[in-house]
């Protein structure tokens, strides 16, 4: 029982969130700080190590009790070769054996996981998805990502890259995506896309919308601005959201038809708008999905917020510990 | 070792194909006949029983040796409740406890499976998908269906309805589908859709195409006619196929991004066109899917043809026998 503490790190593009827990998952300490993303990947790795020291200090524990570390981050992580092929949070640093690098840093076993996968597992075990074996977690935020839970566990596909629901083409003549294609779901329904559509509407100058005054006052337009304007009756804002929700609905119907999940959990900043966002999505599924699949699906808002990723990594670490004890 | 023979039945809309095999999967006899689909569902069930008697007679075996029957058919089969919610091959007969009805008919355990799932399992174990754990089987025929193989077994989703890839919306302003939505993959890329597009092109009367002469000569236009015309340089036929292949390519890219499969197997009548159909699909995946997922995927033509469904059902029956022996 000497080294029985585990650390989970959510490496985000702007924040690093690190928690220290015992093997039962009880959280003993946490720290959240800005990611030193402009200082290169080595600096980020050192910073991750430093946050682990911080949580041990806060908990009044010796770092010798550290038994394993879990890290989740955006990016394409090759689950077989344990290589981060590309991560937006590790700028300029591709094809990195991230688990090995981190194991050298920490001196204990490390598990790396895609962030949407970790969030999906967290929600499935301790959040909105409790009790459902087969579920899809979708995060609608700057981009759109997904984690697939099959039979209670993360489904990663053949190498680890499954879940790229944001790059489902739903409007072939739509906006150009960062991936090179047109009309990927995240070019229309992500927070970035909603804010961009608002900017485009205002920049035209010919359209009467309260968003013009908001831009003048705030200096920028965000997704919450668009939801607020729509709630106050602004038809331009309403149309922007209707378009974003319509295409997200098409994407969700496609997922329901393809995977017949028991539950879809929607997280990310845009989902914070709540029922005004979720209700029309439910309606689209009911009216457009294959009836027997539509009849069994529940659509819910995620419950864990920023805790989802670290919660998922604590679950993943517990699973590994449990299987090693068997 | 008295009752150690198994029968697999592929109940199609036009043909019933029944094979008798030993538990090692060695085929002893088979029969193929027209489905009595106009005579109601009870007649079809009696016909299935009669085909089983036929194969026993052919093999010179006593029906007392029958130990289990597997049936695959198009439709929504509720895997938990064992109810066929709707099948186009059992006209006017919805919400039927099909396994129970068939068990009463045969007096032995019966397994019912969706036909695309059965074909997927057959191809995975004995066809083009041998050796790949995670694969997607797509049949492009009258309609478009799919079977998902995850970790070597059929993935049915929460209730049994997964795999409806034909109802993935790929062109939201496209043709109206039987499911009520617009632009489902099968409204553009199925054999029915290709033939319909050819008819529409000819009926216009203003367009010069060799398909007009084909229609006058043959009395109808089929997908093979369109492929033949395209091969001979007919630009109208080329455009029709390019559209069908383009949207099927979008659908496949979406599947690759979402599920990161090791392999995609394409079966059904349209795939019989071969490389002229498969090559552009491969190109689309290579150029449009998420690069790490595109790098690991193999696209292959199905190998088992009309044997795929019964092969899959023999595999499913063997799995059940094996698990009962454990």
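The values are calculated or read from the model by the stated rules, or taken from the named source; none is laboratory data. On a predicted model such as this, the values are computed, not experimentally measured, just so you know. Cβ placement follows ideal geometry from the backbone for every residue including glycine, while neighbour counts extend to all protein chains displayed.
Remarks
- Among residues of the range B:12-26 being modelled with pLDDT under 95 and assigned to a strand (DSSP E or B), the one that is farthest from residue B:313 (Cα to Cα) is B:15.
- Number of positions in the range A:251-264 that are more than 11 Å from residue A:288 (Cβ to Cβ), within 11 Å of chain B (Cβ to nearest Cβ) and in contact (Cβ under 8 Å) with a residue 60 or more places away in the chain: 7
Residue-by-condition table, conditions (1) without any contact (Cβ under 8 Å) to a residue 24 or more places away in the chain; (2) at the interface with chain A (Cβ under 9 Å from one of its Cβ atoms); (3) not in a strand (DSSP E or B):
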position	(1), (2), (3)
B:128	no, no, yes
B:131	yes, no, yes
B:136	no, no, no
B:146	no, yes, no
B:154	no, no, no
B:158	yes, yes, yes
B:163	no, yes, yes
B:166	no, yes, yes
B:172	yes, yes, yes
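- Scanning the range B:287-318 for residues that are touching a helix residue (DSSP H, G or I) at 6+ places or on another chain (Cβ under 6 Å), part of a helix (DSSP H, G or I) and over 21 Å from residue B:114 (Cβ atoms) gives B:288, B:293, B:294.
- There is at least one residue in the range B:265-282 that is away from chain A (no Cβ under 14 Å), assigned to a loop (DSSP other than H, G, I, E, B) and surrounded by 15 or more Cβ atoms within 10 Å (Cβ to Cβ).
- Qualifying residue in the range A:82-91 (condition: at pLDDT 95 or above, in contact with a strand residue (DSSP E or B) (Cβ under 6 Å, 6 or more places away or on another chain), buried (at least 24 other Cβ atoms within 10 Å of the Cβ) and within 27 Å of residue A:265 (Cα to Cα)): no
- Selected residue [touching a strand residue (DSSP E or B) at 6+ places or on another chain (Cβ under 7 Å), modelled with pLDDT of 95 or more, farther than 20 Å from residue B:158 by Cα and buried (at least 24 other Cβ atoms within 10 Å of the Cβ)] from A:308, A:237: A:308
- Any hit, the range B:242-250, residues being under 16 Å from residue B:300 (Cβ atoms), in contact with a helix residue (DSSP H, G or I) (Cβ under 9 Å, 6 or more places away or on another chain), crowded, with 22+ Cβ neighbours inside 10 Å and within 14 Å of another protein chain (Cβ to nearest Cβ): yes
- Scanning the range B:283-296 for residues that are within 8 Å of chain A (Cβ to nearest Cβ) and under 15 Å from residue B:265 (Cα atoms) turns up just one, B:296.
- Condition met for residue B:47 (in a helix (DSSP H, G or I) and surrounded by fewer than 19 Cβ atoms within 10 Å (Cβ to Cβ)): no
- When residue B:123 is tested against (1) in the same structural domain as residue B:262 (by TED's automatic domain parsing); (2) surrounded by 21 or more Cβ atoms within 10 Å (Cβ to Cβ); (3) under 27 Å from residue B:194 (Cα atoms), exactly one condition is not met: (1).
- Residue count, the range A:201-233 (criterion: loosely packed, with under 13 Cβ neighbours inside 10 Å and assigned to a helix (DSSP H, G or I)): 6
- Of the residues contained in the range A:74-81, one or more are found to be away from every other protein chain (no Cβ under 12 Å), modelled with pLDDT under 95 and under 30 Å from residue A:299 (Cβ atoms).
- Residue in the range B:184-206 that is at the interface with chain A (Cβ under 10 Å from one of its Cβ atoms) and over 28 Å from residue A:76 (Cβ atoms) present: yes
- Subset of the range A:174-192 (residues that are closer than 18 Å to residue A:222 by Cα, in contact with a strand residue (DSSP E or B) (Cβ under 9 Å, 6 or more places away or on another chain) and not in a loop (DSSP other than H, G, I, E, B)): A:186, A:187, A:189, A:191
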